[in-house]
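Encoded as structure tokens, the structure appears first; notes follow it.
The values are calculated or read from the model by the stated rules, or taken from the named source; none is laboratory data. Keep in mind the model is a prediction, meaning the values are calculated, not measured. Cβ coordinates were reconstructed from backbone atoms using ideal geometry, including for glycine residues, and neighbour counts include every protein chain displayed. Calculation scope for accessible area: heavy atoms of the full protein, side chains included, ligands and nucleic acids excluded. Shrake-Rupley method; radii C 1.70, N 1.55, O 1.52, S 1.80 Å.
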Amino acid sequence: MKAYRLNAFLHSLIQPDKRKRFIDAPEPLFDEMRLTEEEREMLRRRDWRALIHYGAIFFLLEKLGAVVGTTNLHIYAAMRGESLQDFQKTRNAQVLYSVAGQDEGKKEWDKRPPAP
């Protein structure tokens, strides 16, 4: 129950207007969603580990990652307290992926030209 507000907020990011408001001016949206100061601070810092320990649903954190332009692997690495490079050393394949939609275009991490 503690994380209900936070998860409701994260779920609301499926709405394009909420995503835009979150990026442009999150504080009024935080007020509207009645987030606590602790919840707001975790979101401001993009503290993935704290969010998951607090009770955020991981699939909703993926949505947040897509909104802020980060990949799932960046999130996983942050949760382990590692850099992306160190995290990828523990993987069999070096790939990046995200649940981001195409309506906002490519994210910064995805602007590299394809490998030859």
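Working carefully through the options E38, E62, find the one that is open to solvent by 50 Å² or more (accessible area, probe 1.4 Å) and either touching a Lys or Arg at 6+ places or on another chain (Cβ under 8 Å) or among the acidic types (D, E) (or both).
Numbers: E62 fails: open to solvent by 50 Å² or more (accessible area, probe 1.4 Å).
Selected residue: E38, the only one of E38, E62 that is open to solvent by 50 Å² or more (accessible area, probe 1.4 Å) and either touching a Lys or Arg at 6+ places or on another chain (Cβ under 8 Å) or among the acidic types (D, E) (or both).
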* To do: Note down all Cβ pairs under 8 Å where the first residue falls in the stretch 27-39 and is closer than 12 Å to N7 by Cα and outside any loop (DSSP other than H, G, I, E, B), the second is at pLDDT 95 or above and aliphatic (A, V, I, L, M), and they're at least six residues apart or on different chains.
  => E39/L6
* To do: Consider only pairs whose beta carbons are under 6 Å apart and that are at least six residues apart or on different chains; among these, list those whose first residue lies in the stretch 1-24 and is farther than 14 Å from V68 by Cα and whose second residue is part of a helix (DSSP H, G or I) and open to solvent by less than 80 Å² (accessible area, probe 1.4 Å).
  => A3/Y54; L6/E39; N7/L60; H11/L60; S12/K18
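Could you grab me the full set of residues in the stretch 9-26 that are part of a helix (DSSP H, G or I) and surrounded by 11 or more Cβ atoms within 10 Å (Cβ to Cβ)?
F9, L10, H11, S12, P16, K18, R19, K20, R21, F22, I23, P26
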* Structure fact -> Restricting the stretch 30-49 to residues that are of a type in the set (A, V, I, L, M) and over 14 Å from the mean Cα position of the chain (by Cα), the one nearest to L84 (Cα to Cα) turns out to be L35
* Of the criteria (1) closer than 26 Å to N7 by Cα; (2) surrounded by fewer than 18 Cβ atoms within 10 Å (Cβ to Cβ); (3) at pLDDT 85 or above, which one T90 fails -> (1)
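Quick one: is A115 out of contact with any Asp or Glu (no Cβ under 7 Å at 6 or more places or on another chain), modelled with pLDDT under 85, over 24 Å from I57 (Cβ atoms) and aliphatic (A, V, I, L, M)?
Numbers: out of contact with any Asp or Glu (no Cβ under 7 Å at 6 or more places or on another chain): yes; modelled with pLDDT under 85: yes; over 24 Å from I57 (Cβ atoms): yes; aliphatic (A, V, I, L, M): yes.
It is true that A115 is out of contact with any Asp or Glu (no Cβ under 7 Å at 6 or more places or on another chain), modelled with pLDDT under 85, over 24 Å from I57 (Cβ atoms) and aliphatic (A, V, I, L, M).
Within the stretch 71-87, track down each residue that is closer than 19 Å to E41 by Cα and open to solvent by less than 30 Å² (accessible area, probe 1.4 Å).
Looking only at the stretch 71-87, we keep the residues that are closer than 19 Å to E41 by Cα, and these are 75, 78-79, 81.
Correct list: I75 only.
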* **Selection from the stretch 50-59 of residues that are in a helix (DSSP H, G or I), out of contact with any Lys or Arg (no Cβ under 8 Å at 6 or more places or on another chain) and either closer than 20 Å to S83 by Cβ or in contact (Cβ under 8 Å) with a residue 40 or more places away in the chain (or both)** => A50, L51, I52
